[in-house]
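The values are calculated or read from the model by the stated rules, or taken from the named source; none is laboratory data. Small disclaimer: the values here were computed from a predicted structure and weren't measured. When we count neighbours, we look across all protein chains shown, and the Cβ atoms used for this are built from the backbone with ideal geometry, even at glycine.
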Amino acid sequence: MITMLSRVLEFICAVIYASGRSSIARWVIFGVCVIAFSSLVPLHQKRTEDTTIREMPAVYIRATMVNRYVRTTGKLINTGAYEVPVTADGLFWHTLRFVPFLTPNTREPLFIQGENLPAPDANGDTTLVGKMIIGEDELPAYYLQVMEPSNKLIYDALFWLCIATLVLVLLGNYCSWLVRKANYVLGIPWGLADNKLSRIDSGHFLLWFGGLGAGYGDVILRQVPVLFRAIPSEGRISPQANPDSWSVTMHRLLKLQRTTVATRYGPLVAVRIEFEDERGITRNGVIAASHTKLLQSMLDVMQYIGQ
């Protein structure tokens, strides 16, 4: 159970660490938030839209029925159909086709906008379901746009999906902040791992989790194998593979806390440290060890730092 928990925590840290270093991931998250947030208003409007279909003849469905769905029966006059080009920002966009529609006891036709209109029945009548729209410019003053009422279940699902996405992003940012604050290494919680026990039976190594400081561009590293060297009144950490590439100097220890952290090697004993570097700047990091004895020997030396 402890090993599985350690792998889960390590995976979370690795994902957050990688996403924090990737500009693509940050832009993707930003784009998802923009899309989700901008979709809330139109989706809410669709959810609250009146989708009741009213049974009324065309003579009554004008200004009083704007933006409402109606069902009406009458005769389509296809010979009077015409098209209107609709432009956007002065550019040709598309055309709208309007067909006159007459119902019994009416002289003024209602214009129908739509494609693939249903065929008339045996009496030549056509039943249409649509939404009354106010026309602008060269469009008819009022016309019926043939369409079925929107499916509120779909819009409800999309609306709550957007809400859930924004909440998950907020929770993700909060978790990311916590992981960054912990130097991208989480401790084994609830006392499940005893920090006095060794978790690695072979090999001796130290791992560094933390920043390198302004001298190295404030780069933050995680679980990098390092060497710990004691110099007069100071401690110095440098990479095991190339000791001359960078170093972290501990001039004075401010805080030290033993713990057990989740790494790619499983749970390891470690210390969380807060210290002043050679420039007097307060910094922090985590040092994990493959063995308790190795960690203890380092701590025995660290007690002389700053003296």
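Quick notes on this structure:
- Within the range 90-106, the set of residues being within 14 Å of Thr73 (Cβ to Cβ) and either assigned to a strand (DSSP E or B) or at pLDDT 85 or above (or both) comprises Phe101, Leu102.
- Output for the range 1-43, where each listed residue is more than 20 Å from the chain's Cα centre (by Cα), surrounded by 13 or more Cβ atoms within 10 Å (Cβ to Cβ) and not hydrophobic (A, V, I, L, M, F, W, C): Ser6, Arg7, Glu10
- Lone unmet requirement of (1) in contact (Cβ under 8 Å) with a residue 24 or more places away in the chain; (2) not assigned by TED's automatic domain parsing to the domain that holds Gly80 for Tyr174: (1)
- Some residue of the range 159-178 being over 30 Å from Arg222 (Cα atoms), surrounded by 15 or more Cβ atoms within 10 Å (Cβ to Cβ), at pLDDT 90 or above and not β-branched (Val, Ile, Thr): yes
- The strands (runs of 3 or more DSSP E) found wholly in the range 241-307 and carrying at least 1 residues that are under 39 Å from the mean Cα position of the chain (by Cα) and among the aromatic types (Phe, Trp, Tyr) occupy 266-276.
- None of Ser22, Ser38 is of a type in the set (Ser, Thr, Tyr) and closer than 28 Å to Gln145 by Cβ except Ser38.
- Residue check for Met65: surrounded by 10 or more Cβ atoms within 10 Å (Cβ to Cβ) and at pLDDT below 90: yes
Okay, residues lined up against (1) over 30 Å from Pro267 (Cβ atoms); (2) of a type in the set (A, V, I, L, M):
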position: Phe11; (1), (2): no, no
position: Val28; (1), (2): yes, yes
position: Glu55; (1), (2): yes, no
position: Arg71; (1), (2): yes, no
position: Glu83; (1), (2): yes, no
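- Pairs, first farther than 21 Å from Gly124 by Cβ in the range 60-79, second at pLDDT 85 or above and part of a loop (DSSP other than H, G, I, E, B), C-beta under 6 Å, six or more apart: Tyr69/Pro149
- Annotation: of all residues in the range 11-39 being modelled with pLDDT under 90 and in contact with a Ser or Thr (Cβ under 8 Å, 6 or more places away or on another chain), the one that is nearest to Asp218 (Cα to Cα) is Gly20.
- Scan of the range 141-150 for residues that are of a type outside the set (Ser, Thr, Tyr) and at pLDDT 85 or above, ordered by number: Leu144, Gln145, Val146, Met147, Glu148, Pro149
- Every residue from the range 68-89 that is of a type in the set (Asp, Glu) and at pLDDT below 80: Asp89
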